[in-house]
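The values are calculated or read from the model by the stated rules, or taken from the named source; none is laboratory data. Predicted, not measured: the structure shown is a model, and the values here were computed from it. Because the Cβ atoms are built from the backbone with ideal geometry, glycine has one as well, and the counts that use them run over all protein chains shown. Areas reflect the complete protein model, heavy atoms only, side chains present, ligands, DNA and RNA absent. Shrake-Rupley method; radii C 1.70, N 1.55, O 1.52, S 1.80 Å.
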Amino acid sequence: AVVSTQSTGNVQNESNQTVRDVVLKTDLQTSSQRMPLSNPTGQAMVSKLVPGDNISEVINHEVKELGGQLLVCSVSYINTSGEKLMFRKYYKFQVLKPLDIRTKFFPTPEDEIFLEAAVTNTTPHSLHMQKVSLVPSAIYNVTDLNFLESGESIFAESDYINPEDTWQYVFKLTPKLDAHEKANVKGVSSVGKLDIGWLSNFGEKGRIQSSQLQRLIQPQGELVVTVQDMPHLITTNKQFTLVLRLRNTTDRKYNLHLTLSQLPNTGVIWIGDTKKVIGEIFPCSYIDVSLDLLAIKSGVWEIGELQIENLLTNKKFNYGTIGQILVGLD
């Protein structure tokens, strides 16, 4: 987190003597470093400071570390005897996390990813949210789903998030890779970084840029079967068509044969030929196949089973279920 802060250092002459060459220096001590915040060269702010007068300095700083920190204010001056004197004041404070961010990934069969980012205001004050965006990695395109078609934010009623409130943001990530490249991606994939900006109740700017969000890539099979088109609801005694996409993710040509089997105690059955010659699918390409079914009983039913054989190698691919459908009464 990066939070812009502003403070004022004030030095007042409470003695009955005029002092000269007054110097005010401020440093910040964190758990990892000590950094100068003002007057690093130690130049005198005024040539003299008479009794009762004061000098002040505005100190701007970006806080980047959490935890306990120490502000060190050093003052030096020359008294009427020509002696150079110095004293220090120490101010301890805690830097707490202003926002709590939790993320979830929701992959789809079409290789898209929906990212949900839940942002909670952990401060005791309202924050004016200026920006919540996702900067994608090189292998993804991102669509921001937090705006209406009119361009208005879904949080249009107020840009202020109250203490302990949680706002949920959703982004859709679409891979740039083709099928063959995706088949060769294994392990962990970097999705992108969240970039969040806000203003505090005093107008101080804050910003968080997360580290790279990562998700585990599940190994992709040689032959990927996805549902391209299917009605969401059908009534009993009605025929409907299911469109499947068969994708060859390898660098080898396939020649496919399809066998359909009925699931036990199902409410939807295959009709027509249960054995079909699909034909050739070239490397890193796909073919769409239309299959006909009949709804015979109401309820929510799984659709299956499929066995696809590559006639060139006699290798068989089995798919128990490929989707569900809701069947209502006629």
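Brief remarks on what is shown
- Here the accessible area of the range 213-330 is 48 percent carbon and sulfur, with a 1.4 angstrom probe and all protein chains present.
- The slack in the chain from residue 81 to residue 57, taken as 0.36 nm per residue of separation less the alpha-carbon distance, amounts to 6.0 nm.
- Inter-part distance, the range 52-109 to the range 122-141, computed on C-alpha centroids, equals 25 Å.
- Percent RCO, i.e. relative contact order, over the range 1-90, from Cα pairs under 8 Å lying at least 6 residues apart: 39 percent
- The number of Lys pairs in the range 190-330 with C-alpha atoms less than 15 Å apart, excluding pairs fewer than 8 positions apart on the same chain, is 5.
- When 306, 70 are compared by accessible surface with a 1.4 Å probe, the order from highest to lowest is 70, 306.
- For a paramagnetic label modelled on residue 273 (point 7 Å from Cα along Cα→Cβ), amide N atoms under 19 Å away belong, within the range 293-308, to 293-294, 305-308.
- Gain on full extension, evaluated as 0.36 nm per residue between residue 226 and residue 209 minus their Cα-Cα distance, stands at 2.6 nm.
- Probe 1.4 Å - accessible area at residue 152, Å² to nearest ten: 90 Å²
- If R0 equals 45 Å, the separation of the Cβ atoms of residue 201 and residue 17 corresponds to a calculated FRET efficiency of about 0.60.
- Length gained when the stretch residue 262-residue 294 is fully extended (0.36 nm per residue, less Cα-Cα span): 10.3 nm
- For the range 59-124, applying the loop criterion from DSSP together with a ceiling of 15 other beta carbons within 10 Å to the trypsin sites (Lys or Arg not before Pro) yields 64.
- The relative contact order of the chain comes to 12 percent, based on Cα pairs under 8 Å that sit 6 or more residues apart.
- Ligands, DNA and RNA are left out, and with a 1.4 angstrom probe the accessible area of the range 242-282 is 48 Å² per residue.
- FRET efficiency estimate (nearest 0.05) - Cβ-Cβ, residue 164 to residue 144, R0 30 angstrom: 0.75
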